[in-house]
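Worksheet for the structure shown next.
Derivation of every value follows stated rules applied to the coordinates shown; laboratory data play no part. Since we're looking at a predicted model, the values are computed, not measured. Every residue, glycine as well, gets a Cβ built from its backbone with ideal geometry; the counts of neighbours run over all protein chains shown.
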2 protein chains.
Amino acid sequence: METKLLVVDDDVNICDMLKLYFENENYKVKTACDGVEGLKAFKLYEPDLVLLDIMMPKKDGWQLCREIREISSKPVIMITAKGEVFDKVLGLELGADDFIVKPFDMKELSARIKAVLRRYNAHTNNNDEEAVRFENIEISLQRYELKLNGKAIDVPPKELELLYFLASNCNRVFTRDQLLDKVWGFDYLGDSRTVDVHVKRLREKLEGVSDKWSLKTVWGVGYKFDTVI
Amino acid sequence: METKLLVVDDDVNICDMLKLYFENENYKVKTACDGVEGLKAFKLYEPDLVLLDIMMPKKDGWQLCREIREISSKPVIMITAKGEVFDKVLGLELGADDFIVKPFDMKELSARIKAVLRRYNAHTNNNDEEAVRFENIEISLQRYELKLNGKAIDVPPKELELLYFLASNCNRVFTRDQLLDKVWGFDYLGDSRTVDVHVKRLREKLEGVSDKWSLKTVWGVGYKFDTVI
DNA sequence: AAAATTCATAAAAAGTTCTTGACAAGAACA
DNA sequence: TGTTCTTGTCAAGAACTTTTTATGAATTTT
């Protein structure tokens, strides 16, 4: 699964540069320009790691780090300018996982990110994310794979993600808007008919595999992965 | 339910153009020409989203946005002219939800409006509630499902919502007008016979399922979901 | 017991929401 | 570079829901 980074820095150039660089390294990257926006983005985007500049207008990196820690244990790497008053102890107290000093070498930052993620995942993820299973179906985001009757089937990423989300929240209805939010991302701009089309394509693939579950339309509401218990 | 937009811009042509365009997209649209009028309109009209030009006589967009935030959390999208001094951070501080730069593409604005509304609603709507249960019946809005004798029955949204409302307020009588208010929405315009028809259709489905409860008519008053205790 | 009001029901009309196929833009790949 | 695959858009028509209307039955009032 793609790792999501959130970059919070008031310097738009740095934001853009980091975004470009890490997208090229196969991360998903969102940026925010200040602490307020950063917190919003953290809640909505649910990143796997946050890169946080300390000096920012209105709400600084310390403050944001503290607020993030109140709601999550996701790794945070602080960015600090050379010569900036910087209390490592204080940072650790606030729950930051690592630090890097501006101007930094991108390769070094990249290495630190990997290291922090590795540590974090070793801690939390020794129970490798289970695949979602029902009769004759198995959906794994980890392998990006859909198995029907034990046989792997080619499925495009978006379809798989949609199916995974619905199946792992089975029997619950989601509106198209909720699905766009959860699967496509909070900042997706586009038509909600898009969901229909993906559901249709999934149905073609899932047809006749089992009568214990199905992708159901809930008229006037949305869709759900329905199971018979 | 129809979504209400409020457009605040000193340029009457832009107001008219936006009104025309979004009415065609099935929004309700009110316009206001300056900040003072805009605040008035916001209070009276109670829009679901505000489109706010920054440069305006009397009271500018910043100021209006701040004042709206004091009394409401409804989404605000700021409109800014190209090249206009524009502080994104300040905008976010003030609580704006998105921005668009003049001259803008109507399709993009439309997409942004949808996205902002989607986010706003996704946030406010995640109230996981329990299903309502009586003998042989179970009604869940989360699954959008009616189970009779443990078996799921197809029920259209309005019927389900009506049944859910009555059952979760069992033994209490509601007039047709109250039901229209609670289930259809306060701004519903239409005949109260509508309720009768829905009750009738529900009765067809619920017939003979249990003698511990029923949809009762209270003559001269309205309906209730009646239970024997 | 007649008149007036209120309900139940069926069926038509109006309105909304889905499905689907065709197509185009963009990404990934060779 | 062209080719294939994925993703998203659109629009027509199908499927379905909701509302209105009409009529007769039930209940209350006078």
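Across the residues of B:111-120, average count of Cβ atoms on other protein chains within 10 Å?
5
In the distance distribution for chain A, Cα-Cα pairs more than 31 Å apart total 34 percent. The mean number of Cβ atoms from other chains found within 10 Å of a Cβ in peptide A:169-177 is 4, as a whole number.
Its alpha carbons considered, the protein assembly as shown gives a radius of gyration followed by a Dmax of 26.1, 81 Å. Ordering B:Val29, B:Val228 from the fewest to the most neighbouring beta carbons within 10 Å gives B:Val228, B:Val29.
Across the copies of the chain, A:Asn24 has label points (7 Å from Cα along Cα→Cβ) spaced 4.3 nm apart, shortest distance listed first. Lys-Lys pairs in the stretch B:1-86 that are eight or more residues apart or on separate chains and whose Cα atoms lie under 13 Å of each other come to 11. Taking only the Cα atoms of the stretch A:1-48, the ratio Rg/Rh comes out at 0.96, with Rh defined as the Kirkwood radius.
Listed by chain and number, the aspartates and glutamates placed with their C-alpha closer than 12 angstrom to that of B:Lys200 are B:Glu159; residues fewer than eight positions away on the same chain are left out.
Between copies, how far does the label point of A:Glu204 sit from its twins, in nm, shortest first, when each point is 7 Å from Cα along Cα→Cβ? Nearest first, the other copies' label points are 3.6 nm away.
Ratio of Rg to Rh for the stretch A:123-229, alpha carbon only, Kirkwood?
Numbers: Rg = 13.8 Å, Rh = 14.3 Å.
My calculation puts Rg/Rh at 0.96.
Take the Cα gyration tensor of the stretch A:4-124, multiply each eigenvalue by 5, square-root it, and list the three semi-axes largest first, rounded to whole angstrom. It would help to have the intermediate numbers written out before the result.
Working: eigenvalues 62, 56, 49 Å².
Calculated on Cα positions only, the semi-axes equal 18, 17, 16 Å.
Model label points for A:Ser192 and B:Gln178, set 7 angstrom from Cα along the Cα-to-Cβ axis, are 3.1 nm apart.
Please determine, in degrees from 0 to 90 and to the nearest 10, the orientation of helix B:157-168 with respect to the longest principal axis defined by the Cα atoms of chain B, where the helix direction is its Cα long axis. The angle comes out at about 70 degrees.
Between the Cα long axis of helix A:12-24 and the first principal axis of chain A there is an angle of about 50°, rounded to the nearest 10. Counting Cβ atoms of other protein chains within 10 Å of each residue's Cβ and taking the mean over peptide A:218-228 gives 3. To test your reading of the geometry: what angle, between 0 and 90 degrees and rounded to tens, separates the Cα axis of helix A:61-71 from the longest principal axis of chain A? Taking Cα atoms only, the helix is inclined about 30 degrees.
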